[in-house]
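Q: Please read through the structure below; I'll follow up with questions.
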Amino acid sequence: IGVLILLGYFAYTYYQDQSQEAQVEMFPAQFYFEKDSFDLALNGDGASLGFLYVAENYSWTKAGNLANFYAGVCYMQKGQFEDAIDYLKAFNTDDWILQARAYSLIGDAFLELEQPAPAIDHYNKAVNHEPNKAFTPRYMMKLGLAYEKSGNWSQAAGIYDNLIKDYPNATEIQDAKKFKARAEVEAGRNAS
């Protein structure tokens, strides 16, 4: 048992050291990210390393995991949607706001790639991940638009209707009412 405790201690110490090292390595990349210098944020500047290095070499740490999120966002900004999807799917967190945001960004990337079915799947994940009045209405609007793109107007109208009923004070409410009316008209036209 003493050997196991000793091994556990060394493993924990190593993890802590690696976590701290990863955070230090990621700091310059975060600086470039905040300056919208996405190539430098991803790859570093020669003197510092970027999110891609941290995500690959410190993947078991919190910083390595967070680097996946940042890399995904960088790729979204660069219009490289398949890469964005890969990195955002590799990200996983207990932070309900950030996790829902990652699901929504994956949906955005799939919609940009004109793939509404997986976009719908990920927007649904965003909507249903710890629903709240601050962010859920925005994700519901995206979900409704994805249903529209897929030609499922009645489902889109249902999403907008749910938003109107469940979040009557949301800033998206006027758009939801307008989009619901449009979706109902299109659904009726398609049913004829």
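Q: Which length gain, in nm to one decimal place, applies between Ala191 and Asn128 when the Cα-Cα distance is subtracted from 0.36 nm times their residue separation? Walk me through the intermediate numbers first.
A: Details: separation 63, 0.36 × 63 = 22.68 nm, distance 2.92 nm.
Length gained, Ala191 through Asn128: 19.8 nm.
Q: Placing +1 on the Cβ of each Lys and Arg and -1 on the Cβ of each Asp and Glu in region 111-160, which of Ala146, Phe135, Gln115 has its Cα farthest towards the positive end of the resulting dipole?
A: Phe135
Q: Here is a follow-up. Taking the chain as a Gaussian network, Cα atoms linked when under 10 Å apart, which of Ala126, Ala63, Ala170 shows the biggest mean-square fluctuation?
A: Among Ala126, Ala63, Ala170, the largest mean-square fluctuation in the Gaussian network model of the chain belongs to Ala170.
Q: Could you work out the relative contact order of region 80-151? I mean the mean sequence separation of Cα pairs under 8 Å and 6+ apart, divided by the number of residues, in percent.
A: Numbers: 77 pairs, mean separation 20.5, N = 72.
Taking the mean separation of contacting Cα pairs over the length of region 80-151, I get 28 percent.
Q: What aspartates and glutamates could a cross-link reach from Lys133, if we take a straight Cα to Cα line under 18 Å and drop same-chain neighbours fewer than 8 places away?
A: Counting by Cα, and skipping residues close in sequence, Lys133 has these aspartates and glutamates nearby: Asp95, Asp161, Asp166, Glu172, Asp175.
Q: Tell me, what is the per residue accessible area of region 29-96 in Å², probe radius 1.4 Å?
A: Here the residues of region 29-96 average 53 Å² of exposed surface.
Q: If I take every Cα pair under 8 Å that is 6 or more residues apart in the chain, average their sequence separation and divide by the length, what percent do I get for the relative contact order?
A: On the way: 253 pairs, mean separation 20.5, N = 192.
That works out to 11 percent.
Q: What's the magnitude of the charge dipole for the chain around its Cα centre, counting Lys and Arg as +1 and Asp and Glu as -1 at the beta-carbon? Answer in Debye, nearest 20. Before the final figure, lay out the partial values.
A: Working: 16 positive and 25 negative charges, 167 e Å.
Taking the Cα centre of the chain as origin, the dipole is about 800 debye.
Q: Using a Gaussian network model of the chain with C-alpha springs under 10 Å, which one of Lys149, Lys62, Lys165 is most mobile by mean-square fluctuation?
A: Of the options given, Lys165 has the highest mean-square fluctuation.
Q: Let me ask another. Take the alpha carbon gyration tensor of the chain, find the square roots of its eigenvalues, order them as a ≥ b ≥ c, and report rounded if a/c is under 1.5; if not, report prolate when a/b exceeds b/c, else oblate.
A: prolate
Q: Based on the alpha-carbon gyration tensor of region 94-192 and its eigenvalue square roots a ≥ b ≥ c, which shape applies: rounded if a/c is under 1.5, prolate if not and a/b is larger than b/c, or oblate? Walk me through the numbers before you get to the answer.
A: Details: a/c = 2.59, a/b = 1.30, b/c = 2.00.
Cα axes put region 94-192 in the oblate bin.
Q: Using a 10 Å cut-off on Cβ atoms, rank the peptides 30-41, 73-84, 99-110 from the highest mean neighbour count down.
A: 99-110, 73-84, 30-41
Q: Another question, if that's okay. Roughly to the nearest percent, how much of the accessible area of the chain is carbon and sulfur, given a 1.4 Å probe?
A: Answer for the chain: carbon and sulfur cover 52 percent of the accessible area.
Q: For the chain, take the longest principal axis of its alpha carbons; what is the angle in degrees between that and the long axis of helix 62-78, to the nearest 10 within 0 to 90?
A: That helix lies at roughly 50 degrees to the long axis.
Q: What FRET efficiency, computed as 1/(1 + (r/R0)^6) with R0 = 25 Å and r the Cβ-Cβ distance, is obtained for Leu98 and Ser150, rounded to the nearest 0.05? All intermediate terms of the calculation are to be shown ahead of the outcome.
A: Details: r = 27 Å, r/R0 = 1.08.
In this case the efficiency is close to 0.40.
Q: Another one. Please give the contour-minus-distance gain from Asp161 to Lys78: 0.36 nm per residue of separation, less the Cα-Cα distance, rounded to one decimal in nm. If you can, show how the numbers build up before the last one.
A: On the way: separation 83, 0.36 × 83 = 29.88 nm, distance 3.42 nm.
Between Asp161 and Lys78, full extension yields 26.5 nm more.
Q: First check a/c for region 22-102, with a ≥ b ≥ c the square roots of the eigenvalues of its C-alpha gyration tensor; if it is under 1.5, answer rounded, and if not, answer prolate when a/b is larger than b/c or oblate otherwise.
A: Values: a/c = 1.68, a/b = 1.20, b/c = 1.40.
Cα axes put region 22-102 in the oblate bin.
Q: For Lys142, Lys133, give me the order by solvent-accessible area with a 1.4 Å probe, most accessible first, ignoring ligands, DNA and RNA. Kindly include the intermediate steps, with their values, before the conclusion.
A: Details: Lys142 45, Lys133 170 Å².
Of Lys142, Lys133, the descending order of accessible area is Lys133, Lys142.
The values are calculated or read from the model by the stated rules, or taken from the named source; none is laboratory data. It should be emphasised that the depicted structure is a prediction, and the values quoted were computed from it without experimental measurement. Positions of Cβ are generated from backbone atoms using ideal geometry, with glycine treated the same way; all protein chains shown enter the neighbour counts. The protein model used for the area step is the full one, side chains on, heavy atoms only, and it has no ligands, DNA or RNA in it. Shrake-Rupley method; radii C 1.70, N 1.55, O 1.52, S 1.80 Å.
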